[in-house]
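The structure appears below as structure tokens.
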Amino acid sequence: MNHLYFGDSLDILKQLSAKHPDGFIDLVYIDPPFNSKRNYNVLFETVDIHDAKAQKEAFADTWSNVTYKDTIEELKLINLNLSKFLDALDHVGISQSAVSYLTTMAIRIHYIHRVLKPTGSFYLHCDDTMSHYLKLVCDLVFGEKNYRNHISWQRTNAHNDAKQGRKAFGRVVDTIYLYTKSDNYTFNHQYTTLDESYVKDFYRFSDPDGRRYQLGDLGAPGGEDKGNPFYEFLGVKRFWRYSQERMKKLYEEGRIVQTREGTVPRLKRYLDESKGNEVQNLWTDIKPLQSADKEKLGYPTQKPESLLERIIKTSSNEGDLVADFFCGCGTTIAAAQRLNRRWVGVDISHLAIGLIRKRFIDTYGEDIVKTFTIDGLPKDIGSARALAVAPQGRMHFQDWVIETLLGGVSNEKKVGDGGYDGYTTLEVEKGKKEVVLIEAKSGNIGVSQLRSFAKTVQQQGASMGVLVCFEDQITKGMRSEAKGEGYFRQDLYDTRYDRIQIISVEALLEGKQPDMPRSAETGPFKKAEKAAGKKNKDQSSLF
């Protein structure tokens, strides 16, 4: 199944790398935010969503306020040469913001290399402000020998900025670097339609039936090292491109023309057999999106699908897996879907993920949502709410709360009211572990649900229970009911802790944790089959 993730691409990449240590992706394309003042990868106030401002700020924090020195230290453990390069930049006259940006990109590119198959390809889309540094980063990650191309894409028409006082040539191209993980990779040559003026100038001849052609050279370089045959053909002795047998066959088919006796024969190259011009590394035929284009969604940095179609067709085949870890409005995965590729898309903005979902529904209908999952590691309350209501999202929301925010273990046998979603443990006395049950609610919460959870805590013989929900779902009645469940007393310090605690998702995102005893060891343990006390008929016991 295809996957959409929202969250920091680094978190997702680390997850995927750990899960697939040998690599599993055939093609990665990224168009990350360029190192400028603009926050590219978010939807601004043009969308009618109340937390757009919070999304912008979260995004800016990810890129502008990153603790890049810590990341350089982290890179020392996984790519020493890369960390040395970034550390060197940090000690010369390169701006701190540039080094910070390059560091955030470098560690992500490192993990992109990890998740690629040995036969995989990587396209990095950037502008000229950082392209020269980013190439060095890619050389260090992929190896210089695996650099394949510097593609220049004309992303806009010519500028006329002289009247505005600009003293530089207009910037009309973006850079796209192509790297591969090895010298064994997919590359399907692409062709463009022949220009009418080119056809007129070069396909000047026609057969009696009107079939147009041009004349091509049949000669070949001589020399023992070339391997081309030498013989006489139509009275001309020389080295030829084809064998004598092949030349005879072409002549009998009417494919060889000799305009005059003694002249070198020429080969007919028919227009209707031409694939077109092979695509080179200067792309001027793919036009940028205009405001009137039907494809245009209003996303700040949206690229035309034709650009991604060329990349995907070149470096993957049907059924391959294509990924974009800065997927924005989803052009890469939209093109992959249309070209029968599997796909993975990641973006830090849940607004972008929502736009992608709408884009797919608008294109393919409501049933398309059954073909992909939405998952991720939210960084803000808007993303958490988006995960809670996403298709297949409730279970992902619970797992995120339990495993990421609380460091516990999700219960594989989640049930409705009357069960628990996960647990963690405390070792407050040496050799004795206390169980803390966790219930994560994305909606449908009230006093009755709280009572049911408290009953489960008692039935399972757990010491404490933590209920997590959104702040606006917590009522005075729920807090009163929780307080009435009494306390868990820690013997060593004789300190009271509420047996049933309610904590909001908002508080957890701010770094707060439930009020629990100090523990020599905190964390999950292997599930045991036998439970103390009365069993819940719908729930397996903890111990």
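The values are calculated or read from the model by the stated rules, or taken from the named source; none is laboratory data. Not measured: the values here are computed from a predicted model. Glycine also receives a Cβ, built like all others from the backbone with ideal geometry; neighbour counts cover every protein chain displayed. Ligands, DNA and RNA are excluded from the accessible area calculation, which covers all protein heavy atoms including side chains. Shrake-Rupley method; radii C 1.70, N 1.55, O 1.52, S 1.80 Å.
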Task: Using a Förster distance of 25 Å, the FRET efficiency for Ala292-Tyr364 (Cβ separation, nearest 0.05) - done: 0.60
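Considering only protein heavy atoms, what per residue accessible area in square angstrom results for the range 357-488 with a 1.4 angstrom probe? Don't jump to the answer; show the numbers that get you there.
Details: 5660 Å² over 132 residues.
Accessible area per residue, the range 357-488: 43 Å².
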Open item on the list: What whole-number distance in Å separates the alpha-carbon centres of the range 439-495 and the range 267-290?
Closed with: 67
- [ ] Take the solvent-accessible surface of the protein heavy atoms, probe 1.4 Å, and return the percent of it on the chain that carbon and sulfur atoms account for.
- [x] 47
Task: Burial order of peptide ranges 175-186, 228-239 (average beta-carbon count within 10 Å, highest first) - done: 175-186, 228-239
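Using only the Cα atoms of the range 110-260, build the gyration tensor, take square roots of its eigenvalues as a ≥ b ≥ c, and label the shape rounded, prolate or oblate: rounded if a/c is under 1.5, else prolate if a/b is larger than b/c, else oblate.
Values: a/c = 3.03, a/b = 1.66, b/c = 1.83.
Since a/c reaches 1.5 but b/c is at least a/b, the shape of the range 110-260 is classed as oblate.
If you stretched the chain out fully between Ser480 and Lys430, how much longer would it get, using 0.36 nm times the residue separation minus the C-alpha to C-alpha distance? Walk me through the intermediate numbers first.
Details: separation 50, 0.36 × 50 = 18.00 nm, distance 3.33 nm.
Computed gain between Ser480 and Lys430 is 14.7 nm.
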Open item on the list: So if each residue of separation counts as 0.36 nm, and I subtract the Cα-Cα distance between Asp87 and Asn340, what length gain in nm does that give?
Closed with: 86.8 nm
- [ ] Write down the percent of antiparallel bridges among all DSSP beta bridges whose residues are both part of the chain, to the nearest 5.
- [x] 55
Open item on the list: Multiplying the sequence separation of Ser197 and Arg211 by 0.36 nm and subtracting their Cα-Cα distance, what value in nm do you get?
Closed with: 3.3 nm
Open item on the list: To make sure I understand the rule: partners must be aspartates and glutamates, Cα under 16 Å from the Cα of Lys303, and not fewer than 8 residues away in the same chain. Which ones qualify?
Closed with: Asp31, Asp127, Asp174, Asp285, Asp293, Glu295, Asp324, Asp347
Open item on the list: With θ taken as phi - 60° and the coefficients 6.51, -1.76 and 1.60, list the Karplus ³J(HN,Hα) couplings across the range 266-275 in order, rounded to whole Hz; mark glycine and proline as x.
Closed with: 10, 9, 6, 10, 7, 4, 6, 9, 6, 6
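Just from its helices, what would the mean residue ellipticity at 222 nm be for the chain, if runs of 4 or more DSSP H residues each count -39500 (n - 2.57) and the sum is divided by every residue, rounded to the nearest 500 deg cm²/dmol?
-9000 deg cm²/dmol
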TODO: State, to one decimal in nm, how far the label point of His20 lies from the label point of Arg171, with both points 7 Å from Cα in the Cβ direction.
DONE: 3.4
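What FRET efficiency, computed as 1/(1 + (r/R0)^6) with R0 = 30 Å and r the Cβ-Cβ distance, is obtained for Arg204 and Thr284, rounded to the nearest 0.05? Spell out each step's value before the answer.
Working: r = 25 Å, r/R0 = 0.85.
After rounding, the FRET efficiency stands at 0.75.
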Open item on the list: For Gly422, what residues show an amide H to amide H distance below 5 Å, using hydrogens built from the backbone and excluding near sequence neighbours?
Closed with: Asn411, Ile438
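Return a whole-number percent for the relative contact order of the chain, with Cα pairs under 8 Å and 6 or more residues apart as the contact set. Don't skip to the end; give the middle numbers.
Working: 971 pairs, mean separation 80.4, N = 543.
Computed over the chain, the figure is 15 percent.
What is the range 144-224 by shape, rounded, prolate or oblate, if you read a ≥ b ≥ c off the alpha carbon gyration tensor as root eigenvalues and call it rounded for a/c under 1.5, prolate for a/b larger than b/c, and oblate otherwise? Can you show the working numbers first?
Details: a/c = 2.65, a/b = 1.32, b/c = 2.00.
The shape class here is oblate.
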Open item on the list: Of Phe233, Ile402, Pro118, which is farthest towards the positive pole of the chain's charge dipole, taken about the Cα centre with +1 and -1 on the beta-carbons of Lys, Arg and Asp, Glu respectively?
Closed with: Phe233
- [ ] Kindly identify the range 190-299 as rounded, prolate or oblate by the Cα gyration tensor criterion: order the square roots of the eigenvalues as a ≥ b ≥ c, call it rounded if a/c is under 1.5, otherwise compare a/b with b/c, prolate if a/b is larger, else oblate.
- [x] prolate
TODO: For the range 285-376, state which chymotrypsin sites (Phe, Trp or Tyr not before Pro) are in a DSSP loop and have at most 16 other beta carbons lying within 10 Å of their beta carbon.
DONE: none
- [ ] Report the FRET efficiency, 1/(1 + (r/R0)^6), for Leu77 and Lys512, where r is their Cβ-Cβ distance and R0 is 22 Å, rounded to 0.05.
- [x] 0.15
Task: Counted charge near Asn277, where neighbours are those whose Cβ lies closer than 11 Å (Asp, Glu -1; Lys, Arg +1) - done: -2
